[in-house]
1. Classify segment A:131-192 as rounded, prolate or oblate from the Cα gyration tensor: take a ≥ b ≥ c as the square roots of its eigenvalues, call it rounded if a/c is under 1.5, otherwise prolate when a/b beats b/c and oblate if not.
2. Fewest to most neighbouring Cβ within 10 Å: what's the order for A:LEU241, A:LEU16, A:LEU26?
3. Just A:GLN49, A:GLN64, A:GLN130 to compare: in a GNM of chain A, with alpha carbon springs under 10 Å, which one fluctuates most?
4. Just in segment A:171-267: which GluC sites (Glu not before Pro) are loop by DSSP and have at most 16 other Cβ atoms within 10 Å?
5. Provide the percentage of antiparallel DSSP beta bridges, counting only those with both residues in chain A; round to the nearest 5.
6. May I ask for log10 I(q)/I(0) of chain A at q = 0.09, 0.16 Å⁻¹, from a Debye sum over the Cα atoms as equal point scatterers with solvent left out?
7. Normalised by the number of residues in chain A, what is the relative contact order in percent for Cα pairs under 8 Å and 6+ residues apart?
8. Anyone know which of A:GLY83, A:GLY242, A:GLY147 comes out most mobile in the 10 Å Cα GNM of chain A?
Amino acid sequence: MNDIIQSFNPSDDSLLIGGVNLSSRLFVGTGKFSSHEIVPRVLEASGAQVVTMALRRVDWKNPQENILNYMPQNTILLPNTSGARTAEEAVRIARLAQAAGCGNWVKIEVVQDQRYLLPDNWETLKATEQLVKEGFVVLPYMSPDLGAARRLQDAGAAAIMPLGSPIGSNRGLQTKELIRILIEEISLPIIVDAGIGRPSEAAEAMEMGAAAVLVNTAIATAGDPVFMAQAFRLAVTAGRLGYLAGPGERRFEAAASSPLIGFLQEG
Amino acid sequence: MQIVVNGKAQEILSECTVFQLLEDKAVTLKAAVVELNGIILKQEHWQSTLLQTSDSLEILVFMGGG
C-alpha cells in the first residue's frame with residue numbers, strides 16, 4: 001500500500017483555486033478544538049494547506065488570544081463570514097478579514113436558520129457578486145442546488161461548497177445525489193463542506209469526483225483529533241485515487257470473479 | 001467621555017487614541033481589525049486617530065471557525 005501511495009504524487013494532481021495550485025484536497029476548519037495548542041499538530045497531521053477561521057469581537061477575558069498565532073507559515077487563510085445573516089453583513093465581514101491581513105480568500109456563509117444553519121443561497125449569491133467585483137477569491141458555502149450553483153459560477157466564484165449535511169452534524173453525505181449533479185454539471189471545483197463526520201464519508205465524496213472536502217467538527221470532536229486529521233488525509237487521498245482510477249461498473253446481478261469452467265464436479 | 005466598544009458603552013479618558021485604547025485593553029495588535037463608526041480603520045491610522053464622544057468602535061480578532 002505504501003508503494004501505491006508513494007507512486008501517487010498529489011502535487012502532480014494539484015487543484016487550482018484562485019491562481020494557487022493546491023496539493024492537498026483536504027481543507028480544515030479550526031472551530032471547536034478543546035484548546036488552540038492542539039491546532040498546529042492537527043494541521044500538520046492533516047496536511048491541509050487551506051484553513052478556515054472566523055472573525056469575532058475580541059474576548060475581553062482573553063484579549064491576547066488569536067487563532068492566527070497557531071497557524072503554520074504558508075497556510076492559505078480562508079476566513080468565513082459566519083454570523084452574517086445578509087449579503088451586506090457577509091461583505092462587511094469579508095472586508096474586515098481582508099483588512100486584518102488575511103489575504104483575499106473568503107468563504108461566504110450567510111445563515112438565517114438557527115436550527116439547521118442552512119445557508120441562504122440568494123443572499124450568498126449577492127455577496128459573491130459583490131466580493132468578486134472587489135477582487136476576492138470567493139468560495140461560497142451553499143445548499144446544493146444546480147440553479148444556484150450555476151448563478152454562483154456566472155458570478156465568478158472560485159469554487160462551490162455544497163453542504164453534505166448540516167454544519168457540525170457529523171451525518172455525512174445526506175445530499176449525495178444533489179452533490180453528484182453539481183459535480184457533473186458545474187465546471188468549477190466542488191468542495192463538499194459541512195456534515196462530513198467520518199473519513200469514509202470524505203473518501204466517498206472524493207470518489208464521486210468532489211475536488212476537495214472541508215472538515216472541522218469531525219476532527220475537532222474526535223477522541224484523538226491528531227489521529228483523526230491523519231485519517232482524513234489518507235481517506236481524501238484514497239478517495240481521490242479511486243476517482244482517478246475509474247471505478248468499475250455497478251451491476252444488479254452477480255458477475256463471477258472466478259472462471260465458470262473447469263469445475264471439479266463436472267462429468 | 002463615553003464611547004461604544006463592541007456594542008457596550010464605556011467611559012474613557014479624553015485625548016485617547018485608538019492605539020492607546022487597544023494597548024490599555026491588552027488586545028493582541030497583530031491581526032486585530034478595527035472598525036470606527038462603521039468604517040474600517042487601517043492599522044497605520046490607529047496612533048493618529050483620537051476617539052471622540054459617542055464614537056462606536058468594533059475590535060475584532062480571528063477565532064477558531066469552520
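Each reported figure results from applying straightforward, stated rules to the coordinates on display, with no laboratory input. As the structure is a computational prediction, the values presented were derived from the model and not from experiment. Cβ: placed from backbone, ideal geometry, glycine included. Neighbour counts: every protein chain shown.
1. Numbers: a/c = 2.65, a/b = 1.56, b/c = 1.70.
Oblate, because a/c is 1.5 or more while a/b does not exceed b/c.
2. Working: A:LEU241 17, A:LEU16 12, A:LEU26 25.
Going from least to most buried by this count: A:LEU16, A:LEU241, A:LEU26.
3. Looking only at A:GLN49, A:GLN64, A:GLN130, the biggest GNM fluctuation is shown by A:GLN64.
4. Values: sites: A:GLU177, A:GLU184, A:GLU185, A:GLU201, A:GLU204, A:GLU207, A:GLU249, A:GLU253, A:GLU266; in loops: A:GLU249, A:GLU253, A:GLU266.
Listed in order of number, the matching sites are A:GLU249, A:GLU253, A:GLU266.
5. Numbers: 4 of 27 bridges.
Taking every DSSP beta bridge with both residues in chain A, the antiparallel ones total about 15 percent.
6. Treating every Cα as an identical point scatterer, log10 I(q)/I(0) equals -0.42, -1.24.
7. Values: 492 pairs, mean separation 43.6, N = 267.
Taking the mean separation of contacting Cα pairs over the length of chain A, I get 16 percent.
8. Most flexible of the set in this elastic network: A:GLY147.
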